[in-house]
Amino acid sequence: MTDWRDRIFCEDALAGLARIPDGAIDLIIADPPYGLGKDYGNDSDKLDADAYLHWMEQWIDAALPKLKANGSLYIFLTWRYSPEVFVMLKKRMTMLNEIIWDRRVPSMGGGTRKFSSVHDTIGFFAKAKDYYFDLDAVRIPYDAETKKARSRSIFVGAKWLEMGYNPKDVWSVSRLHKEHRERADHPTQKPLEVVERMLKASCPPGGVVLDPFMGSGTTAAAAKRCGRHFVGFELNAEYCEMIEKRLQLLTPQEEAGSPVLSGQEQKSASEEI
C-alpha cells in the first residue's frame with residue numbers, strides 16, 4: 001500500500017499498523033488511554049490493570065518495528081502506570097527523558113486525603129544512539145534583560161545566547177480549557193505547543209510521524225503546521241470526522257509550515273545571506 005501517508009484510518013491501531021511498512025516512520029507520538037475509565041465513545045479505557053498493561057505491550061510491540069533505525073518515541077502517561085510502561089519500553093529502547101507536563105491546573109478542588117495531581121508524565125525514548133534530535137529547532141529565546149546582562153565581549157556571538165536555551169524536562173503549558181481556541185470535543189486533548197515541540201525536535205522536515213491514538217487530531221494538525229507528514233489511527237468514527245474538519249480549517253500558511261524552520265534549515269538560511 002503506497003497511500004498511507006497523511007491519512008487517518010478509522011480503525012484499531014493493532015489491526016491497522018500492518019498497513020505501515022517497517023522502518024518507514026521517523027517518530028511515534030503516542031497518547032493512549034490512561035486506564036482511568038474515560039469515555040472515548042467505546043470501552044477502550046475501561047480495562048483492569050493486568051489487561052491494560054497487556055494491551056499496552058501489544059501495541060508497543062506492533063508499533064516499534066515501524067520506526068526507522070534513528071527513530072524515537074514520545075508517550076503520554078500518568079503516574080499510575082508510567083513506572084510499568086517505562087520498564088516495558090526500556091527493555092526495547094533507550095530512555096532519554098522523563099518529561100513532566102505541568103498542565104497549570106488552578107489550585108482549587110481535588111481530594112482531601114492526598115495531593116492534587118496536576119501533571120502528565122511523558123516518556124522520551126530512542127531506538128539507537130544516533131537518533132535524530134534537532135535542539136536548535138526548539139531552543140527558547142532569552143529575554144532582553146538576560147541578553148543585556150550578558151553583553152560583555154566574551155558573550156558576543158555566543159550561539160547559546162543568540163539562539164536560546166535548551167528546554168528543560170518540565171514543560172509548563174496550560175491545558176486546553178473549554179473556551180480555548182484550539183479546544184475540540186475530546187476529553188484529553190493535548191495542546192499544539194507540546195506536540196509541536198516534539199515534532200520539531202525529533203522528526204526531520206518532510207519526515208513522518210505516527211500517532212496510534214489520534215483522538216482530537218493534534219498530532220496531524222501539528223505535522224501539517226510544521227511541514228511533516230503524518231499517519232494515525234482512531235477507533236471513534238466521530239473523532240475521525242472531527243479530525244478531518246480540524247485539518248480543513250488550517251490556513252494555507254499553517255499547512256505550508258511556513259512559520260517553522262528546523263535548526264538545520266535556520267543554519268543553511270543564515271549561511272546563504
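Just so you know, all these numbers are worked out from the coordinates, no wet-lab data involved. Every value quoted in this text rests on a predicted model; they were computed, and no experiment measured them.
Brief remarks on what is shown
- Full extension of the segment from residue 3 to residue 146, taken as 0.36 nm per residue of separation minus the current Cα-Cα distance, would add 46.6 nm.
- Across 224/245; 91/190; 168/245; 46/91, pairs whose alpha-carbon gap is larger than 24 Å: 91/190; 168/245; 46/91
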